[in-house]
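Participant: Before I ask anything, here is the structure I am working with.
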Amino acid sequence: MPETALNILVNVLSRPVHFPRGGEAGGLFIAEPPKPFVAPTLDIPGQDPAAIQKEILYIEASAAVGKSTLSRQLSATLKAPILDLARVPVAAGSLRTLLTDLEAADKSDPVAAFHEGKIPVIIDALDEGRLLSNETEIERFLVSSAEFLLSNRSVTTRPKLIFLARFESIELAQRSIELTATGITHATAKVEFFDKEGAWQLIQAYADRMPADVATLEMGRAKEAGLDKVYFAYQGGLAEGEKHTYRVQGPTFVIEFLNVQEDSAKNPANHIHSSWRNVKGDFGLALN
């Protein structure tokens, strides 16, 4: 239940009363909601809110599955600040400096609010930040952020930092922070926009149009290869009648669906072409 899992995360995070002064042009900003937004599959241990009531929440995912989209949705929903490391260079002490640029109507201290878990900071694009700021400065940023968390231990059961990155960058962050501060509480969740059950249903729907023996052979090859190397791409509108196309590509097959032509009655985008391609059986391949 993707939306249920996402709601668990939203309900655990605080809704800040401190906001950036400079809008998106500043270091921290509140994002606009992405449109459209499809809730991802969010793997939270046991789907238990208590499992992510930690100071640091690492959200890891593969490349190009919508981590930045998720970060912006969280920011827009909670009015929580984002630090986009693909755009903002960081170094030692950057987190505290950026927090001091937040303000609230009641003039309360944003640094104190952060330590109380009232300002969850969403840190996006750690992968890209390693290029923008370079590895040395990113590590200094992570170490100083850990030291900053250690400077006030009044609250350790509310998320204060939410990192979104690929697996290898999450591992770097975990290693840098844990070597600096072993006492900081943390949890890891995995995000995936690829619905595995839905993927197999879609693949099976195409295979079912083949002769039974061919379908059995093709599905056997697809399942043997697994879903880890299967990719889904979609382009076009979401409303009925809008042009759209998608591709599902795996090691043994490519599925393509195209609906961009009007039909004979002039209904828009109502003329479908689709195909299943066996990539190992293409004509014209050189024989070994």
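What follows is calculated from the coordinates using simple rules that are stated; it is not laboratory data. Note that the structure is predicted; figures quoted are calculated from it, not measured. Methodologically, a virtual Cβ is constructed for each residue, glycine included, from the backbone with ideal geometry; neighbour enumeration extends over all protein chains shown.
Participant: Farthest toward the dipole's positive end in the chain, which of Ser275, Ala233, Val88, given Cβ charges of +1 (Lys, Arg) and -1 (Asp, Glu) about the Cα centre?
Facilitator: Positive-most Cα among the choices belongs to Val88.
Participant: Could you work out how far the C-alpha centroid of the range 214-254 sits from that of the range 49-81, in angstrom?
Facilitator: Result: 27 Å between the Cα centres.
Participant: The chain: Rg/Rh from Cα coordinates, Kirkwood Rh?
Facilitator: 1.07
Participant: Follow-up question, since we're still on this one. Among Thr188, Thr216, rank each residue by its count of other Cβ atoms within 10 Å, from fewest to most, as a rough exposure measure.
Facilitator: With the fewest neighbours first, Thr188, Thr216 line up as Thr216, Thr188.
Participant: Lys and Arg at +1, Asp and Glu at -1: add these up for the other residues within a Cβ distance under 9 Å of Leu172 and post the number.
Facilitator: Its environment carries a net charge of -2.
Participant: GNM, the chain, Cα, under 10 Å: largest mean-square fluctuation among Gln53, Gln204, Gln235?
Facilitator: In the Gaussian network model the winner is Gln235.
Participant: Taking the beta-carbon count within 10 Å as an exposure proxy, list Lys54, Lys280, Lys243 from fewest neighbours to most.
Facilitator: Arranged by neighbour count, lowest to highest, Lys54, Lys280, Lys243 become Lys280, Lys243, Lys54.
Participant: If you place +1 on the Cβ of every Lys and Arg and -1 on the Cβ of every Asp and Glu, how big does the dipole about the Cα centre of the range 196-281 come out, in debye to the nearest 20?
Facilitator: 280
Participant: So which lysines pass the test for Lys229, namely a Cα distance under 29 Å, with those fewer than 8 places away in the same chain ruled out?
Facilitator: Within reach: Lys35, Lys67, Lys190, Lys196, Lys243, Lys280.
Participant: For a quick check, take a GNM of the chain with Cα springs below 10 Å and name the residue from Gly250, Gly93, Gly241 with the largest mean-square fluctuation.
Facilitator: Gly241
Participant: In a Gaussian network model over the chain where Cα atoms closer than 10 Å are linked, find which of Val121, Val260, Val90 has the largest mean-square fluctuation.
Facilitator: Val260
Participant: Cut-off is 10 Å between beta-carbons; in what order do Val248, Val10 appear when sorted fewest neighbours first?
Facilitator: Fewest to most other Cβ atoms nearby, the residues stand as Val10, Val248.
Participant: Just want to confirm a number: the relative contact order over the chain, from Cα pairs under 8 angstrom separated by 6+ residues, in percent.
Facilitator: 19
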